[in-house]
Each structure stands twice: as structure tokens, then as C-alpha cells.
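The structure under discussion appears below in the form of C-alpha cells.
The values are calculated or read from the model by the stated rules, or taken from the named source; none is laboratory data. Treat the numbers as computed from the prediction; the structure is a model and nothing was measured. A quick note on method: Cβ atoms are made from the backbone with ideal geometry, for glycine too, and the neighbour counts reach across all protein chains shown. Surface accessibility is based on the protein's heavy atoms, side chains included, excluding ligands, DNA and RNA. Shrake-Rupley method; radii C 1.70, N 1.55, O 1.52, S 1.80 Å.
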Amino acid sequence: MNQYTIARATTDDLERIMQLLDYGREIMRSEGNINQWPVGKPARATIVDDIHAGNSYLVMDGDTAVATFAFIPGPDPTYFEIEGEWIDRDAPYYVIHRLASMPQAHGIFATVMNYAKAVAPSLRIDTHEDNSIMQHNILKHGFSYCGIIYLLDGNPRLAYQWLGKK
């Protein structure tokens, strides 16, 4: 298994992050997920905001960034309302957004989860209903399906929560 490390992204990493998001989009398309992340999404401005807020991360294989993700302390406004119920509505949480990797990089989701679970006692994540790869990984790593949330643009997403030991 690869010995990946996690590094906080800087503005110098912006082009690589955009490239990794393109790889993620290609992977989704190859698996039949044609609706999530249309061209131009996630927006470059969103990634710049993530970087400036200190919430953008890279998964590194040596000196090479092989994946990217946003790791953001809650509350997240898109999670205020849910068609369903959070496991623990009041627990402070972090959100994982915009996870993408190179096609040949394996074990990325596990690496990100190990990092996130070491930082936060509660995690939330969401994905498009057509993203079967992400749904599989989310459930495999101990998340529980909680219901449907809506993005700020009104698009629905399947929402999950993980709670560590209290």
C-alpha cells in the first residue's frame, strides 16, 4: 500500500488541484455519473476560497499530489435542513467536499478518512445519487446514510454522517 501523506494546499497548487478535479470528473463519467460536476464545477473561485481559508488539502505520493479534498469545519449551510435526520444534529463536525484523485491512485478515500477521523469526532459528507463509487466508499468507512440535503443551487445530494467513539 502507498505511504501517502496529507499536505495543506497553497495558491501555488491551484493548477494541480484543478487538474485533479478534472481527473475526478473523468472517473465519474467513466462510471456513468454524467450529472455531477459539470464542466466548470467545482468552480476555480471555490477552490481559491478553500485554499485561502486553509481548508484545501492534497494527498501526496512523495512529491506528487495525487488527490485533493476540502476539509471544512462545520456548520455547513447546506446541512442545516435534511430530509431525514442526522445521527447527532448537535455534535460539532467537519465536512469533506470536493474529493478527487488521479485514476491510478488507489487507497485515497481510506487515506483521507484516516486523516479526517483523527481530527474530528464527527464527519459529514454528501454525494450525488449517481456517484456509486463514492457511496460505496462512504458506507465502507463507517458512515451512516442520514437523508437528502440540497446544495445552495437546489440540487439534491445523499448525506451521510460518521460519529467516532464518545
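List of remarks:
- Lone qualifier among A120, A116 - being within 25 Å of L139 (Cβ to Cβ) and either of a type in the set (V, I, T) or within 14 Å of the chain's Cα centre (by Cα) (or both): A116
- The single condition among (1) crowded, with 18+ Cβ neighbours inside 10 Å; (2) in contact with a Lys or Arg (Cβ under 9 Å, 6 or more places away or on another chain) that D13 does not meet is (2).
- Scope the range 43-62; condition surrounded by fewer than 19 Cβ atoms within 10 Å (Cβ to Cβ) and either closer than 19 Å to L158 by Cβ or among the small types (G, A, S) (or both); matching residues: A43, A45, A53, G54, G62
- Scan of the range 148-166 for residues that are closer than 17 Å to Y93 by Cβ and exposed (fewer than 12 other Cβ atoms within 10 Å of the Cβ), ordered by number: K165, K166
- Of the residues examined, V66 is not one that is without any contact (Cβ under 8 Å) to a residue 60 or more places away in the chain, in a strand (DSSP E or B) and crowded, with 17+ Cβ neighbours inside 10 Å.
- From A110, A53, A65, A45, residue being of a type in the set (G, A, S) and touching a strand residue (DSSP E or B) at 6+ places or on another chain (Cβ under 7 Å): A65
- Within the range 35-47, being part of a loop (DSSP other than H, G, I, E, B) and either in contact with an Asp or Glu (Cβ under 7 Å, 6 or more places away or on another chain) or of a type in the set (G, A, S) (or both) holds for N35, Q36, G40, A43.
- Residues that are in a loop (DSSP other than H, G, I, E, B) and in contact with a Leu (Cβ under 7 Å, 6 or more places away or on another chain), drawn from the range 74-101: I87, D88, A91, Y93
- Residues that are open to solvent by less than 30 Å² (accessible area, probe 1.4 Å), at pLDDT 95 or above and not polar (S, T, N, Q), drawn from the range 123-140: L123, R124, I125, D126, I138
- Taking every residue in the range 81-99 that is closer than 28 Å to A43 by Cα and free of Cβ contacts under 8 Å to residues at least 60 places away in the same chain and pairing it with any residue that is open to solvent by 20 Å² or more (accessible area, probe 1.4 Å) and part of a loop (DSSP other than H, G, I, E, B), at least 6 positions away or on another chain, the pairs with Cβ-Cβ distances below 7 Å are P92/G74; Y94/G74; V95/G74; V95/D76.
- Top-ranked residue in the range 88-122 [being within 25 Å of D153 (Cα to Cα) and among the aliphatic types (A, V, I, L, M); ranked as surrounded by the fewest Cβ atoms within 10 Å (Cβ to Cβ)]: V95
- For the range 28-42, a residue qualifies if it is on the phi < 0 side of the Ramachandran plot and open to solvent by less than 50 Å² (accessible area, probe 1.4 Å), and the qualifying residues are M28, N33, Q36, P42.
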